[in-house]
1. Would you calculate a helix-derived [θ] at 222 nm for the chain, using -39,500 (n - 2.57) for each DSSP H run of n ≥ 4 and dividing by the full residue count, to the nearest 500?
2. Residue 195 to residue 76: FRET efficiency via 1/(1 + (r/R0)^6), r the Cβ-Cβ distance, R0 41 Å, to the nearest 0.05?
3. Count neighbours as other Cβ atoms within 10 Å of each site's Cβ, and list the trypsin sites (Lys or Arg not before Pro) in the range 1-108 that are DSSP loop with at most 13 such neighbours.
4. Let a ≥ b ≥ c be the square roots of the eigenvalues of the Cα gyration tensor of the range 99-161; is it rounded (a/c under 1.5), or, if not, prolate (a/b larger than b/c) or oblate?
5. Quantify, in whole percent, the carbon and sulfur part of the accessible surface of the range 52-91 (1.4 Å probe; protein heavy atoms only).
6. Once you charge only the Cβ atoms, +1 for Lys and Arg and -1 for Asp and Glu, what is the size of the charge dipole of the chain about its Cα centre, to the nearest 20 debye?
7. So, counting K/R as plus one and D/E as minus one, what does the shell of residues with Cβ under 12 Å around residue 282 add up to?
8. Would you mind working out the accessible area per residue for the chain, using a 1.4 Å probe, and quoting it in Å²?
Amino acid sequence: MNRILLLGAGGQLGQEINKDLSKNHDILSLTKKECDITNYSFVEEKIKLFKPKVIINAAAYTNVDEAENNESLTDNINHLAVDNLARLSKNYKVVLIHFSTDYIFNHKINEPISEDEKKDPINVYGLTKYLGEKSIIRNMENFYILRISWVYGKYGKNFPKTILRLAKNKKELNIVGDQIGSPTPTSLISSVINKLLVLHFKGDNYYGIYNLSPSGSCSWYEIGNFILERLKDKKNFKLKTINKISSKEFKSLAKRPKYSYLDNSKIQKVLNVNIRDWKYYLKDFIDSNYEN
Ligand SMILES: NC(=O)c1ccc[n+]([C@@H]2O[C@H](COP(=O)([O-])OP(=O)(O)OC[C@H]3O[C@@H](n4cnc5c(N)ncnc54)[C@H](OP(=O)(O)O)[C@@H]3O)[C@@H](O)[C@H]2O)c1
C-alpha cells in the first residue's frame with residue numbers, strides 16, 4: 001500500500017481524513033503532540049523513517065481572532081513550518097497536500113472567486129496562510145493546495161455545532177449577516193482527497209491549486225436560519241428568533257472579508273467531482289448530529 005503521512009491529525013479535518021483514509025491506505029496520522037510541524041528535525045526524522053509517498057498537512061493555527069495577538073506563532077505554523085514541509089517534500093520526492101482558506105481574499109465584487117484572482121488578506125490568519133501557499137508554490141511542483149472555507153464537521157468546534165448547542169438553551173441569537181461565503185463540510189473535503197489519491201496513485205496527476213467549497217453562497221445568518229427552520233419543531237429546540245446583525249455590531253479582534261465565496265468549477269471539471277449546494281450538505285449534517 002502507498003504510505004501517507006497525515007499531520008495535524010487531531011483537528012476537525014484531520015480526524016475526518018484519518019477515519020476515511022485508514023480504510024484503504026497505509027496511513028501514519030500524527031497529532032500536534034506526536035509531531036509538532038514547527039520542529040523541523042523531528043518532521044524530517046518522521047519522513048525518513050516512514051517514507052511516505054504523500055504528506056497531508058491538516059495542521060494549522062486556526063483561531064482567526066487570537067491570531068491577531070499571536071502573529072509570530074501563527075506565522076511559524078501557517079507559513080514557516082509549511083515552507084519547511086515544502087522543502088522536505090521536494091527533497092524526499094513526496095507529494096504534498098495542503099489546505100488554504102477563502103480568507104486570503106477580500107473581494108470587492110460579489111462574484112464567485114476563481115483560483116487566480118487577486119489575493120488581499122485582511123487579517124493575520126489570512127496573511128500567514130497566503131504566505132504558506134506561496135512557499136509551497138516557490139519550493140516545489142508536486143503539490144495540491146485545496147482552498148476551503150467555513151469548515152464544519154462532526155469533530156472539533158465549528159459554527160453549525162455551536163448553533164446546535166446554543167439552540168437548546170437560548171430563544172434568541174444575533175448572527176452576522178453581511179459576510180458571504182460557503183460552509184464546507186469535512187466529509188466533502190475528505191471524499192475529494194480520497195478521489196484525488198485514487199487518481200494520483202493510478203498515475204493521473206492534476207497538481208495545482210483548487211477551490212473546494214459547496215455550490216451556492218450564504219451568510220452566517222442564513223446558515224443559522226437554515227438550522228432554525230429545520231429543527232424548530234423538535235422537542236429540545238428552544239431557539240425561536242435569529243436577529244441579523246452587521247460585522248460592525250459583532251465585535252471581533254480580526255477583520256473578516258465581506259465576500260469570500262469560492263468558485264468551485266475548476267475542481268468539478270478537472271477531478272470530475274460533483275459538488276452540491278451548501279444546503280444539501282448542511283441538511284445531512286444537522287439530521288445526523290442533532291440529538292433530542
Ligand atoms: N476551520 C475553518 O473554518 C477553516 C477554513 C478554511 C481553511 N481551513 C484550513 O483547514 C485546515 C484544517 O483546519 P481545521 O478546521 O481542521 O482546524 P483545527 O480543528 O484547528 O485543526 C488544526 C490542527 O492543527 C493542530 N496544530 C496546531 N499547531 C500545530 C503544530 N505546530 N504542529 C502540529 N499540529 C498543530 C491543532 O492542534 P491544537 O488544537 O492542539 O492546537 C489542530 O489539531 C487548516 O489548514 C486550516 O487553515 C480551516
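1. Values: 10 runs with 108 residues, N = 292.
Calculated from helices alone, the mean residue ellipticity at 222 nm is -11000 deg cm²/dmol.
2. Values: r = 32 Å, r/R0 = 0.78.
Once rounded, the FRET efficiency stands at 0.80.
3. Values: sites: 3, 19, 23, 32, 33, 46, 48, 53, 87, 90, 93, 108; in loops: 23, 32, 33, 53, 93, 108.
Of the trypsin sites (Lys or Arg not before Pro), the ones in loops of the range 1-108 whose Cβ has at most 13 other Cβ atoms within 10 Å are 23, 33, 93, 108.
4. Working: a/c = 1.82, a/b = 1.23, b/c = 1.48.
Since a/c reaches 1.5 but b/c is at least a/b, the shape of the range 99-161 is classed as oblate.
5. On the way: 670 of 1680 Å².
Carbon and sulfur: 40 percent of the exposed surface of the range 52-91.
6. Working: 45 positive and 33 negative charges, 147 e Å.
Computed about the Cα centre, the dipole is about 700 debye.
7. Values: positive: 161, 230, 276, 279, 283; negative: 222, 229, 277, 284, 287.
Computed value for this residue: 0.
8. Details: 14050 Å² over 292 residues.
Value returned for the chain: 48 Å² of accessible area per residue.
The values are calculated or read from the model by the stated rules, or taken from the named source; none is laboratory data. As the structure is a prediction and not an experimental result, all values here were calculated from the model. Heads up, the Cβs are rebuilt from the backbone with ideal geometry, glycines too, and the neighbour counts pull from every protein chain shown. Each accessible area value is taken on the protein alone, full model and side chains, heavy atoms only, with ligands, DNA and RNA left out. Shrake-Rupley method; radii C 1.70, N 1.55, O 1.52, S 1.80 Å.
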